[in-house]
Every structure is written in C-alpha cells, then in structure tokens.
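Shown next, in structure tokens, is the structure this report addresses.
The values are calculated or read from the model by the stated rules, or taken from the named source; none is laboratory data. All values derive from a computational prediction rather than experimental measurement. We place every Cβ from the backbone using ideal geometry, glycine too, and count neighbours over all the protein chains shown. Each accessible area value is taken on the protein alone, full model and side chains, heavy atoms only, with ligands, DNA and RNA left out. Shrake-Rupley method; radii C 1.70, N 1.55, O 1.52, S 1.80 Å.
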Amino acid sequence: MIKVLILLGIIYSFSQAVSGENIVNLYGCMECHGIKKGKTAPAFIDISKSAKQKRIEQSIKNGSQGKYKNFKQNIMPEFEYFTNQELKEISTWILSMKKNEE
Ligand code: HEC
C-alpha cells in the first residue's frame, strides 16, 4: 500500500507543470542550497544577485567551484542531464528571487 502511494506521489509530481521550484525540490538541490540562507552552498537569493542567467545555466550543467568566497572548499556537482528547457525554468526561478527582494 505504502509503495503504491509513493508511486502515485512520484507520478503526480512529474505530471505537474515542472517549474524551477519543483525541479530544485525533486533533485536534492536543497541538500546544499537554501533559499535565503546558505548551507554548504550559497543561498539561491545570493546567487540571484551575483550571477546572470547564462552563467547560472552553465554552472548547473557543468558544475562550479570557487565563485563564492565563503564556499571555496565546496563543489557544485554537474547536472548534465537537464534539458535546456529545465535549465531555463530553474534559472528563471532563481532570478525571480532578486525581484521579490527589491
Ligand atoms: C553537493 C552540494 C550541492 C548540490 C546537491 C547542489 N549544489 Fe549548487 N552549488 C554548490 C556549491 C558548493 C556552489 C558554489 C560553487 C562556486 O563557488 O563556484 C553551488 C553553486 C550553484 C549555483 C551558482 C553558480 C554560479 O555560476 O554562480 C547555482 C545556480 C546552483 N548551484 C544551482 C544548483 C541546482 C539547481 C542544484 C540542483 C539541481 C544544485 N545547485 C545542487 C553545491 C551544490
């Protein structure tokens, strides 16, 4: 029964319009990142202030290290399997935080 419910949950979350926020929650980005406070990685709100869309997408696809001085020891893993559309959803979601803050 539990397995069926978990499966339904997974199907349900995939059938939702895949917004940047959904992807970030689904792929474990929040293990390292927070929205407003960094954990082992910079907070998304700080990223939104220091990176442009293209760089954000490239860093997610190819990984990154050394761009944020408080996190120099840590590595952003590469997520090369995201489609361009998914990368765009994520970067747009991150950058939307900048506007909300102002
Ligand atoms: C294992 C920890 C970890 C996970 C999981 C992780 N990140 Fe990161 N991320 C980092 C670290 C560390 C940095 C800082 C890299 C740097 O300083 O260059 C970073 C940086 C970034 C940046 C900023 C890149 C730039 O060029 O400014 C973005 C955007 C980002 N991560 C998005 C994501 C997304 C989206 C996911 C999930 C798909 C994710 N991260 C998962 C550790 C992680």
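Here is the list for segment 5-96: GluC sites (Glu not before Pro) lying in DSSP coil, each with at most 16 other C-beta atoms within 10 angstrom of its C-beta, are 78, 80. Taking amide H atoms as placed 1.01 Å from N in the peptide plane, the amide H of residue 64 lies under 5 Å from those of 76, each 5 or more residues away in sequence or on another chain. Note on residue 49 and residue 80: their simple-model spin labels are 3.4 nm apart, each label 7 Å out from Cα toward Cβ. In degrees from 0 to 90, rounded to the nearest 10, what is the angle of the helix 2-15 Cα long axis to the longest principal axis of the chain? Around 60 degrees separate the two axes.
Between the exposed loop cleavage positions of the chain, defined as trypsin sites (Lys or Arg not before Pro) in a non-H, G, I, E, B DSSP state with at most 11 neighbouring beta-carbon atoms within 10 angstrom, the longest gap is 1-35.
Amide H to amide H, with H built 1.01 Å from N, residue 38 comes under 5 Å of 43, counting only residues 5 or more places away or on other chains.
Residues of segment 19-101: accessible area per residue at 1.4 Å, in Å²? Please report the intermediate quantities before stating the final value.
Numbers: 5360 Å² over 83 residues.
Accessible area per residue: 65 Å².
When you filter the chymotrypsin sites (Phe, Trp or Tyr not before Pro) in segment 25-84 for DSSP loop state and at most 11 other Cβ atoms inside 10 Å of their Cβ, you are left with 81.
Coupling constants for segment 53-70 follow from the phi torsions by the Karplus curve (6.51 cos²θ - 1.76 cosθ + 1.60, θ = phi - 60°), and in residue order they are 3, 5, 5, 4, 5, 5, 5, 5, 5, 10, x, 6, 7, x, 7, 10, 5, 7 Hz; glycine and proline get x.
What full-extension length gain, to one decimal in nm, is calculated for residue 5 and residue 32 as 0.36 nm per residue of separation minus the Cα-Cα distance? It would help to have the intermediate numbers written out before the result.
Working: separation 27, 0.36 × 27 = 9.72 nm, distance 2.76 nm.
The residue 5-residue 32 span can extend by a further 7.0 nm.
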